[in-house]
Amino acid sequence: LRADIEAALAGAADLRALDAVRVAALGKSGQVTGLLKGLGALPPEERRARGAEVNVLKGEVERALETRRATLEAAALDARLAAERLDVSLPPRAAAPAGPEAGSIHPISRTMEELIALFGAMGFAVAEGPDIEGDWHNFSALNIPEHHPARQDHDTFYLTAPEGGRRPVLRTHTSPVQIRTMLAQEPPIRVIVPGRTWRADHDATHSPMFHQVEGLVIGRGIHMGHLKGTLVDFLRAFFGIADLPVRFRASYFPFTEPSMEVDIGWSRRTGELGQGGDWLEILGSGMVHPKVLANAGIDPRAWQGFAFGMGIERITMLKHGIPDLRPFYEADLRWLRHYATSP
Ligand code: PHE
């Protein structure tokens, strides 16, 4: 019987099978229990010797059951740990087609980053100002007094005036940051100002909200040669055309004197930049007007400077051959996939 029970124990592959073995041996009608019950029928002397034997057997079976149970429990735990194991070093699965997609850099942001890098290499820092401006910063300090016709050119968005105060405006250009920068820091100054600008104008080539980048250089003995060299270098680097034709054309802005608009060479017929014999206006520039320097607390006899401003959408459209302004603001994924770049 002992050998039978040992064999059954060894063959019990799990805890449930083990319990069946226990019941068969030690249960109410188990084999060992049956032997114990049978003792009463034996004569007294035989009963004692036989009883001791059966009790030893019972103890052995109990210990063997306990040992086998411990082994099976340890095996069950090992199996569970193995089944639940995670390999954190596995490479991630490729994103499922319907899953979340990685974002990308909007063409406006990309151009701003390129401007910051290109001018950064020429020693320009980045300055910023508020979108909501006072009339003085946006106009008067820039030598655009009230009733000046240039104010009409700007299609200004006015906000409600505070009690007894003047109406704030959504800045119509980044030029007010010229004033803020000159008031905030001592010359020499070399900054660019990328940012949002606003004009009440809306068609295929105008948006009420658009972006400009301003440039301002103030130093001793700054002259038009510096202006021309800086802008020619910038335009050729930005458009990636080493011999891009650049033309300076006399113009007028109230805050620069003299003022120049800058044209680049292109083909009106094919839209290709750099050749074709036609001219395309690309930016406004000039020597900072002495009145503007004085308005911003800088002595125009000691310091000179130049400034320029251009539309970020416009240079982005020209560089990448983007035909329409409106999709810049529409978050159309097909357009973004075509023109946006990965980070
Ligand atoms: N502020 C001008 C505009 O919005 C551009 C400009 C900036 C011109 C600086 C000259 C100097 O058109």
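Just so it is clear, none of the values below were taken in a lab; they were calculated from the coordinates. Fair warning: this is a prediction, and the values are worked out from it, not measured in the lab. Because the Cβ atoms are built from the backbone with ideal geometry, glycine has one as well, and the counts that use them run over all protein chains shown.
Below are the figures for this structure:
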{"read-out": "Whole-number D in µm²/s for segment 190-248 (Stokes-Einstein; Kirkwood sum over Cα pairs; 25 °C, 0.890 mPa s)", "value": "176"}
{"read-out": "Of Leu170, Gly240, Ile282, farthest towards positive along the dipole that unit charges on Lys, Arg, Asp, Glu beta carbons give segment 159-304", "value": "Leu170"}
{"read-out": "Where trypsin sites (Lys or Arg not before Pro) fall in DSSP loop in segment 226-313, at most 16 other Cβ within 10 Å", "value": "Arg268, Arg269, Arg301"}
{"read-out": "Folded to 0 to 90 degrees: helix 107-121 orientation relative to the chain principal axis, Cα", "value": "70"}
{"read-out": "Rg/Rh for segment 127-192, where both radii come from Cα atoms and Rh is the Kirkwood radius", "value": "0.99"}
{"read-out": "At 1.567 mPa s and 4 °C, Stokes D of segment 1-136 from Kirkwood alpha-carbon radius, µm² per second", "value": "56"}
{"read-out": "Kirkwood Rh and Cα Rg combined as Rg/Rh, the chain", "value": "1.61"}
{"read-out": "Share of pairwise Cα separations in segment 210-332, more than 18 Å, in percent", "value": "56"}
{"read-out": "Pairwise Cα inverse-distance average, inverted: Kirkwood Rh of segment 290-343 (Å)", "value": "14.6"}
{"read-out": "Crossing angle, helix 15-26 versus the chain [Cα axis fit, 0-90 degrees, rounded to tens]", "value": "20"}
{"read-out": "Relative pair counts by distance (%), Cα atoms of segment 239-288, 5 Å bins", "value": "5, 23, 24, 18, 13, 11, 5, 0"}
{"read-out": "Semi-axes of the equivalent ellipsoid for segment 81-205, Cα gyration tensor, largest first, Å", "value": "46, 21, 15"}
{"read-out": "Extreme residue, positive dipole direction of segment 178-224, given options Phe210, Met182, Thr197 (C-beta unit charges)", "value": "Met182"}
{"read-out": "Distant alpha-carbon pairs in segment 78-148 (separation over 18 angstrom), percent", "value": "74"}
{"read-out": "Lysine pair number, Cα distance threshold 21 Å (strictly under), the chain, separation 8 or more or different chains", "value": "4"}
{"read-out": "Charged-residue dipole, Cβ positions (Lys, Arg, Asp, Glu), the chain about Cα centre, Debye nearest 20", "value": "820"}
